[in-house]
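In what follows, a single structure is set out as structure tokens and then discussed.
The values are calculated or read from the model by the stated rules, or taken from the named source; none is laboratory data. Everything numeric in this text was worked out from a predicted model, so none of it was measured. Here the Cβ positions follow ideal geometry from the backbone for every residue, glycine too, while neighbour counts run over all protein chains shown.
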Amino acid sequence: MRQWGGNRMIVVADDFTGAAEIAAVSFEGGYSARVHRVKAPIDLQPDCHLVLDTDSRLKSSEQTKAVLAPISKALSSFPAIPVYKKVDSILRGNVSLELCLLAQILGKKRILLLPQNPSGGRTIKDRTYRINGIPLSQTEFASDPTHPAQSDSPLDLLGQTHGWSVSYCSIGDALPTAGIVILEAERDSEVQRWSKQVKPDDLAAGGRDFYRHLVGTTQREPRPFDLPTSTLLIQGTLSPERERLHQALKGNTYLDLQLSPAANPQKSIDLCASSASDMISSNGLAILGFRRENTSSESAAAEIERALRAVIATALNSSKNVAIHLAIEGGATAALILKILNLDTLEVIQIWGDGVVSLQSEKSPNLTITTKPGSYAWPPALVEAFCPKVIEQEV
């Protein structure tokens, strides 16, 4: 029988920042917590909470099925270890498909789904999803470039359920015995109440708050931690939090580099790379972002990868044997950068706040990587640590 709260756990997440967010919850509880990209062989170490990043949020249904296939063999090798399915807190991505596939792999007939995080102002009450009291379709997520929120109903957001029944449970309702069950909760105490009703034969799925109660960890204040003094911050999203960071950094000196997601002359990328390298080598902060322009997602992805490869390679090659801090906004951007760096497994070393996590890999001991979901804010302690002088440069 699977037991929650033990030394070994497996979590399946669909993007890197979500995976890191869940690994951080385990780290808070005193467990060894690692994030592992599923493209590499899965090596579950003893006394480990392992979070698998499938990087499948933006993939097609067929691509998602192909990504999840190798996980089935790995999971079947560990029948006594609990499995949790991390989903996006506002149900973006191939949520229902991944839930159904994973439940089938594990032989589950009931999926208890609680995606919202009341601790972060994200609630579901009366079949309506709200963020800080505002219906979801009236928030910034209505203009999400890949998964615009056009409804406030969690049932609508979940979409097609691939032959599974779906139901909604308010507080106090009896749980159905099978199917996908969306759990209402607008308070942390309600999340805790639902967590106590999870049975060994259920697939528990959702966000950070649900997992925290299942594992039995408590939120703690960040401990003192010294980051490397040279930071390259890559902004891979167009969330309003991107601009809020720039406002918070006013009065400091940093290098702000903006490239096009559509096309850049090679000399512009080279200039960007050398400028970023010079700045972070002088104990400063370089920020690389991409302007808001109309372009196809495929061409943008290729151009962004080309630019990031050049900037990261130049920055790291010029800083050999020097500790570097790489801060990344957005799960897709984090996954791309880990691919560029060929890093498969990273261990949590510091938590700055919900969803904002620093990690390291044995492959690159001089590199500290901090990630956060695009819609989350950078914690004040991190903003303060980023840099002390404003140089703005567009290329």
Report task. Give the residue that is surrounded by the fewest Cβ atoms within 10 Å (Cβ to Cβ), with candidates limited to residues of the stretch 225-248 that are more than 22 Å from V311 (Cα to Cα), over 18 Å from the mean Cα position of the chain (by Cα) and in the same structural domain as W352 (by TED's automatic domain parsing). Result -> Q247
Query - Residues that are under 28 Å from G30 (Cβ atoms) and surrounded by fewer than 17 Cβ atoms within 10 Å (Cβ to Cβ), drawn from the stretch 44-73 - result: Q45, P46, D47
Report task. Kindly check whether there is at least one residue in the stretch 292-303 that is surrounded by 14 or more Cβ atoms within 10 Å (Cβ to Cβ) and under 21 Å from T370 (Cβ atoms). Result -> no
Report summary line: Those strands (runs of 3 or more DSSP E) completely within the stretch 146-224 that have 3 or more residues that are within 22 Å of the chain's Cα centre (by Cα) are 202-206
Query raised in the report: So how many residues does the stretch 276-291 have that are surrounded by fewer than 19 Cβ atoms within 10 Å (Cβ to Cβ) and at pLDDT 80 or above?
Result: 2
